[in-house]
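Asks: First the structure, which I've put down as structure tokens, then a few questions once you've had a look.
The values are calculated or read from the model by the stated rules, or taken from the named source; none is laboratory data. Remember, it's a predicted structure, so these values are computed and weren't measured experimentally. Because the Cβ atoms are built from the backbone with ideal geometry, glycine has one as well, and the counts that use them run over all protein chains shown.
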Amino acid sequence: MKITKIQILGNLIGVIPAIYLMYQSISGKLSANPIQTATVITGRTSIYAILFSLYCTPLAQIFKLSVFHRIRKISGLFGFYYAFAHFLMFTLFDYQLNLSWILPEIQQKPFLQIGLIALVALIPLAISSIDIFKRKMGKSWKKLHYAVYLITALTLLHVALASKGDLIDPAILITLYLIAMLFRFPKLRSLRINKLPEWLARINTYLLS
Amino acid sequence: MTKIIPTSQITPEAIYLSRRRFLKQALLTTPASLLVASCANRDSASPTPNPVFAAFASRTDDQNNPLTDFEDITGYTNFYEFSTSKTEPTNLSKNFQTEPWKVKIDGFVNNPITLDIDDFRSMFDQEERIYRMRCVEAWSMVIPWIGFPLKKILDIVEPTSDAKYIRFETLYDPNQMPGQNNPSFPWPYVEGLRLDEAMHDLTILSTGLYGKNLTPQNGAPIRLVVPWKYGFKSIKSIVHIELVREMPTSLWMAAGPTEYGFYANVNPNVDHPRWSQATERRIGETGRIDTQMFNGYTEEVAHLYEGMDLTKNY
């Protein structure tokens, strides 16, 4: 199958946070508490990627920009990769796989349990995003992937509970989520613009080539 | 008791800078440092004299922990008055005006006074105290503070028999402190101590660290340091000290009553919904270490809480 420009672009954008993190880490600019900072950055990147994936379908339909259909899977997958990296930062680098430290933490802290559930729930979605599975699963694929609505909500709950008193940051993320969800309701879902500006149409075609 | 060192013996900068080299070597030998090599490489470009390990070894806290690097102490702070980020306060507080600065000390006292920041420096001998600082977010530092026991001021103002608690307040000035525009918190920052805690010899008002005046992000020009309590108790940039009858409600008690209590003693057995209180990361190190009861000052302070249920009085 042909690799399109949007796939290349999407993957390039997806690895930028990882490269940034490695560069900052090597050059010692990741604050005095680099493990903590890297945990936060991987987690945030995951949320941004997943939130973006929720906007792909509405953007593709309303603006007739099919390029967003193609980038949805990449964006969701990066959301999973960074969530997993976030989990590794916590278990491997922060707690050094010391189960006598990690298990009580998970036992005691609801925000960790919620985060862990969200991560585990992302696994079947990531695996079934492989094209062969998607074709074989047919309608049930769509049903399975509706789970991302709930997983995103869990992830945001994880963030809100992990926030130290600051209400603004979680409120912004939750608002972005709710706006994306509004576009799942029939009235907004059927919104369409009349005519796509020529230059946007061209970019769309170009990226799909 | 904690060793008290006169200011004259404070380490020259060149010597503590050399510790960074030592750390670099130590870090490069741990596997985790392969990925998180930040501490190791940060100052590889800065020219430092040969490590003076002998002189260096003498700069430790009472448990032989080496000092945290000056750059880390001044570059990684919690100062929500400027920003909820740990690194932003350093930049945002650059132009913070610390002179003139007056601190009003009143309430249930016989001799209320208002002191200028220079009065604090001239009236009280400035001593160095090397304390561990344990943040409620499960990271810690070892900091060579300059300051003097709070008790010395209390002896001058003479609390009356009505004074049971002491209440501290940080400057409220959203023009200078942009974080105070964040409506998530009930500004200004308030903290409090019981009078016996305030009178304890370990409790100091600090005006400097590493032999220099405090930087704004560390709470210039004057802040509290209570080493057996979580860092947020050690209120920064104080403008008002008031002796009161009732237990003051701190900013964090108001913002999250189920999470933050009045006492906030470092206690590995009382858990917090977000951060492990059983372990901590010492800034500059990669692994985790066990958190000590009262941050390792049990011998000095445990008697203050005899008969109290510390699970309830968290």
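Asks: Out of all the residues in the stretch B:122-130, is one or more farther than 30 Å from A:D166 by Cβ, acidic (D, E) and buried (at least 20 other Cβ atoms within 10 Å of the Cβ)? Even if it seems obvious, please write down each step before you answer.
Replies: The first filter runs over the stretch B:122-130 and keeps only residues farther than 30 Å from A:D166 by Cβ, leaving B:122-130.
Narrowing the set further to residues that are acidic (D, E) leaves B:125, B:127-128.
From what is left, the residues that are buried (at least 20 other Cβ atoms within 10 Å of the Cβ) are B:128.
So far as the stretch B:122-130 goes, yes, one or more of its residues are farther than 30 Å from A:D166 by Cβ, acidic (D, E) and buried (at least 20 other Cβ atoms within 10 Å of the Cβ).
Asks: Test each condition in (1) farther than 28 Å from A:S163 by Cα; (2) surrounded by fewer than 18 Cβ atoms within 10 Å (Cβ to Cβ) for A:V67 and report the one that comes out false.
Replies: (2)
Asks: Let me ask another. Taking the criterion of being touching a residue at least 60 places away in the same chain (Cβ under 8 Å) and charged (D, E, K, R), would at least one residue in the stretch A:163-180 satisfy it? Talk me through it step by step, then tell me what you get.
Replies: Initial filter on the stretch A:163-180 (touching a residue at least 60 places away in the same chain (Cβ under 8 Å)): A:173, A:176-177, A:180.
Next, only the ones that are charged (D, E, K, R) stay: none.
Checked the stretch A:163-180: no residue is touching a residue at least 60 places away in the same chain (Cβ under 8 Å) and charged (D, E, K, R).
Asks: With the structure loaded, tell me whether A:I19 is within 14 Å of chain B (Cβ to nearest Cβ), free of Cβ contacts under 8 Å to residues at least 60 places away in the same chain and assigned to a helix (DSSP H, G or I) or whether it fails that test.
Replies: Spelling it out, A:I19 is indeed within 14 Å of chain B (Cβ to nearest Cβ), free of Cβ contacts under 8 Å to residues at least 60 places away in the same chain and assigned to a helix (DSSP H, G or I).
Residues checked against (1) within 13 Å of chain A (Cβ to nearest Cβ); (2) at pLDDT below 90:
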position	(1), (2)
B:R21	no, yes
B:Q25	no, yes
B:T29	no, yes
B:D43	yes, yes
B:S46	yes, yes
B:D72	yes, no
B:G75	yes, no
B:T87	yes, no
B:F96	no, no
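Asks: Does B:N218 satisfy the criteria of being under 27 Å from B:E300 (Cβ atoms) and within 14 Å of chain A (Cβ to nearest Cβ)?
Replies: Against the criterion (under 27 Å from B:E300 (Cβ atoms) and within 14 Å of chain A (Cβ to nearest Cβ)), B:N218 qualifies.
Asks: Are any of the residues in the stretch A:10-23 closer than 22 Å to A:A83 by Cβ, buried (at least 21 other Cβ atoms within 10 Å of the Cβ) and β-branched (V, I, T)?
Replies: no
Asks: Name the residue that is nearest to the other protein chains (Cβ to nearest Cβ), counting only residues in the stretch A:24-40 that are crowded, with 20+ Cβ neighbours inside 10 Å and in contact with a Phe, Trp or Tyr (Cβ under 8 Å, 6 or more places away or on another chain).
Replies: A:A32
Asks: Just wondering, is there one or more residues in the stretch B:154-164 that are assigned to a strand (DSSP E or B) and closer than 24 Å to B:Y210 by Cβ?
Replies: Taking the stretch B:154-164 first, the residues assigned to a strand (DSSP E or B) are B:159.
When the remaining residues are screened for being closer than 24 Å to B:Y210 by Cβ, the result is none.
Looking through the stretch B:154-164, none of the residues is assigned to a strand (DSSP E or B) and closer than 24 Å to B:Y210 by Cβ.
Asks: Given the conditions (1) over 28 Å from B:E71 (Cα atoms); (2) touching a residue at least 40 places away in the same chain (Cβ under 8 Å); (3) more than 14 Å from every other protein chain (Cβ to nearest Cβ), report the number of the one that B:A302 does not fulfil.
Replies: Condition not satisfied by B:A302: (2).
Asks: Touching a residue at least 40 places away in the same chain (Cβ under 8 Å) and either within 13 Å of chain B (Cβ to nearest Cβ) or of a type in the set (G, A, S) (or both) - does that describe any residue in the stretch A:2-10?
Replies: The answer is yes; a qualifying residue exists.
Asks: Taking B:L251 and the conditions (1) buried (at least 19 other Cβ atoms within 10 Å of the Cβ); (2) under 18 Å from B:K164 (Cβ atoms); (3) out of contact with any Gly (no Cβ under 7 Å at 6 or more places or on another chain); (4) of a type outside the set (K, R), which numbered condition does it fall short on, given that it satisfies the others?
Replies: Here B:L251 clears every test but (2).
Asks: Just checking, does the stretch B:131-147 include any residue being of a type in the set (S, T, N, Q), in a loop (DSSP other than H, G, I, E, B) and in contact (Cβ under 8 Å) with a residue 12 or more places away in the chain?
Replies: Here is the first cut: in the stretch B:131-147, the residues of a type in the set (S, T, N, Q) are B:140.
Those still in the list that are in a loop (DSSP other than H, G, I, E, B) too: none.
Looking for residues that are of a type in the set (S, T, N, Q), in a loop (DSSP other than H, G, I, E, B) and in contact (Cβ under 8 Å) with a residue 12 or more places away in the chain, one finds none in the stretch B:131-147, hence no.
Asks: Considering the stretch B:265-295 alone, what residues qualify as being more than 14 Å from every other protein chain (Cβ to nearest Cβ) and touching a Lys or Arg at 6+ places or on another chain (Cβ under 6 Å)?
Replies: B:N265, B:V266, B:N295 - these are the residues of the stretch B:265-295 that are more than 14 Å from every other protein chain (Cβ to nearest Cβ) and touching a Lys or Arg at 6+ places or on another chain (Cβ under 6 Å).
Asks: Would you pick out the residues in the stretch A:153-175 that are acidic (D, E) and either away from chain B (no Cβ under 12 Å) or in a helix (DSSP H, G or I) (or both)?
Replies: A:D169
Asks: Might you check whether a residue that is of a type in the set (K, R), out of contact with any helix residue (DSSP H, G or I) (no Cβ under 9 Å at 6 or more places or on another chain) and without any contact (Cβ under 8 Å) to a residue 12 or more places away in the chain occurs anywhere in the stretch B:274-286?
Replies: Taking every residue of the stretch B:274-286 in turn, none turns out to be of a type in the set (K, R), out of contact with any helix residue (DSSP H, G or I) (no Cβ under 9 Å at 6 or more places or on another chain) and without any contact (Cβ under 8 Å) to a residue 12 or more places away in the chain.
Asks: In addition: Which of the following residues is at negative phi and in contact with a Pro (Cβ under 9 Å, 6 or more places away or on another chain): B:I156, B:I166?
Replies: B:I166
Asks: If B:E246 satisfies all but one of (1) within 12 Å of chain A (Cβ to nearest Cβ); (2) under 30 Å from B:L115 (Cβ atoms), what's the number of the condition it fails?
Replies: That leaves (1) as the condition not met.
Asks: Further question: So which residues in the stretch A:180-208 are over 27 Å from A:I8 (Cβ atoms), in a helix (DSSP H, G or I) and not charged (D, E, K, R), if there are any at all?
Replies: A:M181, A:L182, A:P186, A:L188 - these are the residues of the stretch A:180-208 that are over 27 Å from A:I8 (Cβ atoms), in a helix (DSSP H, G or I) and not charged (D, E, K, R).
Asks: Additional query: Quick one: what pairs do we get from the stretch A:94-106, first residue facing chain B (nearest Cβ under 8 Å), second assigned to a helix (DSSP H, G or I) and among the β-branched types (V, I, T), C-beta under 6 Å, 6+ apart or different chains?
Replies: What qualifies is A:D94/A:I35; A:Y95/A:I102.
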